[in-house]
Ligand code: ATP
């Protein structure tokens, strides 16, 4: 029977625990044994293998983060580091590896599969929702809801005092999360790296609204927007509205944690069972993907950041609503 190891790598997102649990249960159902790896690829290189308790896994489902812990590993980016990881797996009689990670972790998994002949399956997670090949990644839905709720709360206080706010949403390279939270939260402005931040036209619109408004103005800014984030935008707002006191809120790591939504838990579970099914069928070097409503497998070697995750249809909504 097969022996599967599972690890989480890169930034944590809500939904990882549901995924780990489902991989463990699906593996047991298939008659395989399952081993957890602590601290991502670093733990793999150091042979940090853990027994996974069914009760502990179940209790972790409503919690954010990862019970396996996560890490970024310099050593795994080298062929020597990956060879060390392969040695540890062989010594523990493990033949298959499931990696839950973002595009970086999955690229590492592809290199490892090509070099060492283990059965490797990848499961995509990221709050940026920008992994090529899958419509949605684990963690995105929860992060959007968390950011939207934060925006709603800021709006309550901003409306009460008719204040102007700049709110920063995570996304160093991708504006997907900021776009989605801003759309869902009915923002007055959304600044993301995918569009030329046309500050001039936004400023005009805000000034127009400011003349007639009775409520607040709220601008959502992606961390990686070319304006530099919410702090520089707050400065620009201050210059545009010198008589107002501008509010500034950087949502930061509050967007990573928290209890995963039903949607993230179910997606995580679907990906997990598909990954174990693929191993049972003798497959390797694939990533689970959601395409439309179907779970598919795509070659992990082709995994990369999806630069245009925001489709023109989605971007157009900003022209209409802002
Ligand atoms: P996120 O960016 O959402 O936090 P990620 O998986 O993309 O998730 P990275 O920091 O890019 O996060 O990668 C996590 C780990 O994966 C790295 O620390 C490294 O160990 C491994 N990794 C990344 N890229 C490669 C690569 N090209 N080759 C081998 N290993 C890699």
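Residues that are crowded, with 18+ Cβ neighbours inside 10 Å and out of contact with any strand residue (DSSP E or B) (no Cβ under 9 Å at 6 or more places or on another chain) within region 39-56 comprise 42, 45, listed in sequence order. Among the residues making up region 200-241, those that are in a helix (DSSP H, G or I), within 18 Å of residue 161 (Cα to Cα) and in contact with a strand residue (DSSP E or B) (Cβ under 7 Å, 6 or more places away or on another chain) are 206, 209, 210, 234, 237, 238.
Can you tell me which residue among 259, 284 is part of a loop (DSSP other than H, G, I, E, B) and either more than 19 Å from the chain's Cα centre (by Cα) or without any contact (Cβ under 8 Å) to a residue 12 or more places away in the chain (or both)? Don't jump to the end; show me each part of the working.
Numbers: 259 fails: either more than 19 Å from the chain's Cα centre (by Cα) or without any contact (Cβ under 8 Å) to a residue 12 or more places away in the chain (or both).
Criteria check complete, one pass: 284.
Residues in region 178-205 that are crowded, with 16+ Cβ neighbours inside 10 Å and within 21 Å of residue 153 (Cβ to Cβ): 178, 179, 180, 181, 182, 183, 185, 187, 188, 189, 190, 191. Annotation: residue 288 fulfils all but one of (1) closer than 23 Å to residue 109 by Cα; (2) at pLDDT below 95; the unmet one is (2). As for region 247-254, it holds no residue that is surrounded by 15 or more Cβ atoms within 10 Å (Cβ to Cβ), free of Cβ contacts under 8 Å to residues at least 24 places away in the same chain and either over 21 Å from the mean Cα position of the chain (by Cα) or farther than 29 Å from residue 288 by Cβ (or both).
Applying the criterion of being crowded, with 21+ Cβ neighbours inside 10 Å and in contact with a strand residue (DSSP E or B) (Cβ under 8 Å, 6 or more places away or on another chain) to the residues of region 134-147, the residue that is nearest to residue 185 (Cα to Cα) is 147. Considering (1) under 22 Å from residue 282 (Cα atoms); (2) more than 9 Å from the ligand (Cβ to nearest atom), the lone condition that residue 108 does not fulfil carries the number (2).
For region 197-220, give me each residue that is touching a residue at least 60 places away in the same chain (Cβ under 8 Å) and within 25 Å of the chain's Cα centre (by Cα). Passing the criteria: 218, 220. Apart from one condition, residue 114 fits all of (1) closer than 14 Å to residue 7 by Cβ; (2) within 16 Å of the ligand (Cβ to nearest atom); (3) touching a residue at least 60 places away in the same chain (Cβ under 8 Å); (4) more than 25 Å from the chain's Cα centre (by Cα); the exception is (1). Right, residue 122: modelled with pLDDT of 95 or more and within 9 Å of the ligand (Cβ to nearest atom) or not? No; evaluated as a whole, the condition is false for this residue.
For every residue, the table says whether it meets (1) part of a helix (DSSP H, G or I); (2) out of contact with any strand residue (DSSP E or B) (no Cβ under 8 Å at 6 or more places or on another chain); (3) touching a residue at least 60 places away in the same chain (Cβ under 8 Å).
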site: 150; (1), (2), (3): yes, no, yes
site: 158; (1), (2), (3): yes, no, yes
site: 162; (1), (2), (3): no, yes, no
site: 177; (1), (2), (3): yes, no, yes
site: 195; (1), (2), (3): no, yes, yes
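Just to confirm my filter: which helices (runs of 4 or more DSSP H) fall fully inside region 3-100 and include at least 2 residues that are within 13 Å of the ligand (Cβ to nearest atom)? Explain how you work it out, then say what you get.
Details: elements: 16-29, 40-45, 54-60, 79-91.
Where helices (runs of 4 or more DSSP H) fall fully within region 3-100 and carry at least 2 residues being within 13 Å of the ligand (Cβ to nearest atom), they are 40-45, 79-91.
Output the residues belonging to region 109-127 that are surrounded by 24 or more Cβ atoms within 10 Å (Cβ to Cβ) and farther than 14 Å from residue 15 by Cβ.
Matches in region 109-127: 109, 112, 120, 121, 122.
A count restricted to region 134-148 and to residues that are in contact with a helix residue (DSSP H, G or I) (Cβ under 7 Å, 6 or more places away or on another chain) and not in a helix (DSSP H, G or I) stands at 3.
The values are calculated or read from the model by the stated rules, or taken from the named source; none is laboratory data. It should be emphasised that the depicted structure is a prediction, and the values quoted were computed from it without experimental measurement. Neighbour counts run over all protein chains shown; Cβ positions are idealised from the backbone, glycine included.
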